[in-house]
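Colleague: Here you go, one structure.
The values are calculated or read from the model by the stated rules, or taken from the named source; none is laboratory data. On a predicted model such as this, the values are computed, not experimentally measured, just so you know. Backbone-built Cβ (ideal geometry, glycine too); neighbour counts: all protein chains shown. Only protein heavy atoms, including side chains, enter the accessible area calculation; ligands, DNA and RNA are left aside. Shrake-Rupley method; radii C 1.70, N 1.55, O 1.52, S 1.80 Å.
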Amino acid sequence: MHFKKALVFGLARSGAAAARLLRLRGAEVTLVDAKTKEAFGGALDDLNVEGVHWHLGESPENLLEGMEAMILSPGIPDTHPAVLKAREMGVEVLGELEYAYRESTGTLLAITGTNGKTTTTTLLGEIFKNAGRRAWVVGNIGSPYAAAVPQMRAGDVTVCEVSSFQLETVSQFHPSVAAVLNVTEDHLNRHGTMEKYIALKERVFANCREKDFVVLNYDDPITRKMAEDVKARVVWFSRTGNPPYGAFVREGALCFGTQENNRTVLSLEEIALPGPHNLENCLAATAMALVAGIPSAVVRHTLKTFRGVEHRLEFVRVLDDVRYINDSKATNVDSSIWAVRSMTTPTVILLGGSYKKADYHPLAREMRKNTNIRQAVLIGLTADAIEQALRDEGFSEIARAGTDFEKAISMARALAVPGGTVLLSPACASFDMFQDYEARGREFKRIVKDLEPQGA
């Protein structure tokens with residue numbers, strides 16, 4: 001059933017895409033955002049059409065009368081007063097993800113987890129494309145699900161990255177293959193407790209049943225326990241263990257099947273993506289692809305050729321014999337821990353950003369453990385908290401750059417040694433200084449690429 005009258009609250013990428021899809025389906029649409037129209041710089045000009053009502057710079061509480069649905073951008077929490085009022089009035093509240101799912105066609109595979117989502121989603125999309133399937137790679141990855149729906153045909157595949165924010169507002173969302181990659185502390189400033197955060201992650205497979213598959217991390221105690229709540233067929237992936245069925249490592253090879261009856265997909269040496277965290281991503285994508293019927297040969301070819309995603313341990317350049325690495329996508333502690341573990345040369349790390357109610361001590365301990373991490377340059381609102389954690393754990397090689405990103409990079413360059421690395425891996429969100437982690441990563445790359453060689 002299509003909505004006849006809907007309010008879209010929040011006009012970032014996903015909200016705007018939902019508004020366009022609603023209009024395409026014939027709905028009368030009301031647009032609400034705290035920003036003014038001018039702040040969008042023309043990005044929404046195509047919605048200046050009959051049947052679209054603009055209320056920018058306003059709150060939606062007084063606009064709910066007669067609405068069938070309120071569609072939220074993921075940035076709006078489901079505890080917002082307007083959301084609570086909508087529910088009291090009997091207006092259905094759903095996110096762009098849920099709305100797009102209801103309007104979509106074809107096969108859906110969905111991936112959530114604290115870390116590795118974007119790499120695994122992109123890799124899985126490549127596997128399907130290499131198998132000759134029309135695949136839409138959408139969701140939290142930056143391409144709204146709703147934007148792809150009008151082009152979808154029966155037989156298409158959608159590979160969707162799903163965040164905990166998006167899972168707050170799902171009800172009918174039903175992938176045929178769902179995966180939870182891992183769960184570590186993140187977004188507690190929004191969700192409050194780990195219990196709530198874990199419960200939200202489980203919503204990705206809440207509607208999966210006997211004919212569906214749920215792929216879980218055998219090595220993560222939280223995801224391993226999730227199997228108790230799964231009503232579908234459980235498929236494991238494991239870098240270090242011996243799961244009863246799924247993708248695992250044996251004698252230097254990536255294998256799939258049971259412990260007694262399995263096949264080798266490829267040797268670990270053939271995998272193009274570096275690092276143990278990426279091996280986990282490859283194992284998860286392999287498990288999802290194989291249960292979805294993709295031939296092993298296609299998976300093997302893709303794992304041998306896929307080299308990663310932008311802003312995730314992305315090589316930028318070598319300057320004066322120093323490597324610069326952009327890991328701006330490391331917006332939480334656990335993600336930066338993986339980056340720290342990947343460093344094999346003397347490294348200066350840039351840390352800090354906006355606050356997410358995180359404990360930085362585990363990262364500090366990892367930095368102490370890997371003696372290649374020589375100095376830290378701190379930026380942003382979290383600099384005090386990170387410095388305290390570093391000093392608590394005995395890491396004292398610390399410099400501060402305030403909120404001057406260019407200065408931070410210049411300081412890191414001065415501290416770096418020939419043969420070493422400058423690593424941007426903030427362990428924090430970016431909203432104190434940038435629009436998002438992508439903007440932070442792009443600015444890092446721009447500044448680094450503009451640096452002149454010494455003595456030039």
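Colleague: Consider only pairs whose beta carbons are under 8 Å apart and that are at least six residues apart or on different chains; among these, list those whose first residue lies in the stretch 291-306 and is open to solvent by 30 Å² or more (accessible area, probe 1.4 Å) and whose second residue is hydroxyl-bearing (S, T, Y).
Modeller: A292/T107; A292/S176
Colleague: What pairs can you find where one residue is in the stretch 370-395 and within 20 Å of A416 (Cα to Cα) and touching a residue at least 40 places away in the same chain (Cβ under 8 Å), the other is among the basic types (K, R) and open to solvent by 10 Å² or more (accessible area, probe 1.4 Å), and their Cβ atoms are less than 9 Å apart, with a gap of 6+ or different chains?
Modeller: These pairs meet every condition: I379/R400; I379/K407.
Colleague: Picking from A154, A147, A86, A135, which residue would you name as being within 22 Å of D212 (Cα to Cα) and out of contact with any Phe, Trp or Tyr (no Cβ under 7 Å at 6 or more places or on another chain)?
Modeller: Testing whether each residue is within 22 Å of D212 (Cα to Cα) and out of contact with any Phe, Trp or Tyr (no Cβ under 7 Å at 6 or more places or on another chain) leaves just A154.
Colleague: Is there a residue being in a loop (DSSP other than H, G, I, E, B), among the basic types (K, R), surrounded by fewer than 16 Cβ atoms within 10 Å (Cβ to Cβ) and on the phi < 0 side of the Ramachandran plot anywhere in the stretch 230-250?
Modeller: yes
Colleague: Report yes if A385 is at pLDDT 95 or above, hydrophobic (A, V, I, L, M, F, W, C) and closer than 30 Å to E452 by Cα, otherwise no.
Modeller: Against the criterion (at pLDDT 95 or above, hydrophobic (A, V, I, L, M, F, W, C) and closer than 30 Å to E452 by Cα), A385 does not qualify.
Colleague: Related question: On the basis of being buried (at least 24 other Cβ atoms within 10 Å of the Cβ) and among the β-branched types (V, I, T), does V170 make the cut?
Modeller: no
Colleague: Now for a separate question. Within the set of pairs 6 or more residues apart or between chains, which connect a residue that is touching a residue at least 40 places away in the same chain (Cβ under 8 Å) inside the stretch 259-286 to a residue that is part of a helix (DSSP H, G or I) and of a type in the set (S, T, Y) with Cβ atoms less than 7 Å apart?
Modeller: Close Cβ pairs (under 7 Å, with a partner that is part of a helix (DSSP H, G or I) and of a type in the set (S, T, Y)) amount to P274/S342; G275/S342; N278/T119; N281/T119; N281/T120; A284/T120; A285/T120.
Colleague: While we're here: I want to confirm something. Restricting to the stretch 377-393 and keeping residues that are open to solvent by 10 Å² or more (accessible area, probe 1.4 Å) and part of a loop (DSSP other than H, G, I, E, B), which single residue is farthest from A414 (Cα to Cα)?
Modeller: E393
Colleague: Collect the residues in the stretch 84-96 that are out of contact with any Asp or Glu (no Cβ under 6 Å at 6 or more places or on another chain), assigned to a helix (DSSP H, G or I) and open to solvent by 50 Å² or more (accessible area, probe 1.4 Å), keeping them in residue-number order.
Modeller: Listed by number, the residues that qualify are L84, R87, E88.
Colleague: Name the single residue that is nearest to L108 (Cα to Cα) among those in the stretch 193-226 being among the polar types (S, T, N, Q) and surrounded by fewer than 19 Cβ atoms within 10 Å (Cβ to Cβ).
Modeller: For the stretch 193-226, the residue satisfying everything is N207.
Colleague: Those residues that are touching a Ser or Thr at 6+ places or on another chain (Cβ under 6 Å) and either at pLDDT below 95 or of a type in the set (A, V, I, L, M) (or both), I need them from the stretch 202-248; list them, please.
Modeller: Across the stretch 202-248, the qualifying residues are V204, L216, A247.
Colleague: I need the full set of residues from the stretch 361-375 which are in contact with a Gly (Cβ under 9 Å, 6 or more places away or on another chain) and open to solvent by less than 70 Å² (accessible area, probe 1.4 Å), in order please.
Modeller: A364, N372
Let's see how each residue does on (1) of a type in the set (A, V, I, L, M, F, W, C); (2) more than 28 Å from the chain's Cα centre (by Cα):
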| position | (1), (2) |
| --- | --- |
| S14 | no, no |
| A18 | yes, no |
| L21 | yes, no |
| A27 | yes, yes |
| A39 | yes, no |
| L44 | yes, no |
| W54 | yes, yes |
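Colleague: Being in a loop (DSSP other than H, G, I, E, B) and surrounded by 19 or more Cβ atoms within 10 Å (Cβ to Cβ) is the filter here; which residues of the stretch 398-413 pass it?
Modeller: Passing the criteria: only A401.
Colleague: Now a separate question. Of the residues R250, R263, R224, only one is among the charged types (D, E, K, R) and closer than 18 Å to T302 by Cα; which?
Modeller: That would be R263, the only listed residue that is among the charged types (D, E, K, R) and closer than 18 Å to T302 by Cα.
Colleague: Whether any residue in the stretch 150-160 is among the hydroxyl-bearing types (S, T, Y) and surrounded by fewer than 24 Cβ atoms within 10 Å (Cβ to Cβ) is what I want to check.
Modeller: Checking the stretch 150-160: not a single residue is among the hydroxyl-bearing types (S, T, Y) and surrounded by fewer than 24 Cβ atoms within 10 Å (Cβ to Cβ).
Colleague: What's the number of the condition I141 fails, among (1) open to solvent by less than 20 Å² (accessible area, probe 1.4 Å); (2) modelled with pLDDT under 95; (3) closer than 20 Å to A284 by Cα?
Modeller: So I141 meets the others, but not (1).
Colleague: Residue check: is G75 under 30 Å from V215 (Cα atoms) and at pLDDT below 95?
Modeller: Yes; evaluated as a whole, the condition is true for this residue.
Colleague: Within the stretch 427-452, restricting attention to residues that are among the acidic types (D, E) and in a helix (DSSP H, G or I), which residue is most open to solvent (accessible area, probe 1.4 Å)?
Modeller: Restricting to residues being among the acidic types (D, E) and in a helix (DSSP H, G or I), the top hit is D450.
Colleague: Quickly run through the stretch 308-328 and pick out the residues that are crowded, with 24+ Cβ neighbours inside 10 Å and of a type in the set (D, E, K, R).
Modeller: Those that are crowded, with 24+ Cβ neighbours inside 10 Å and of a type in the set (D, E, K, R): R312, D327.
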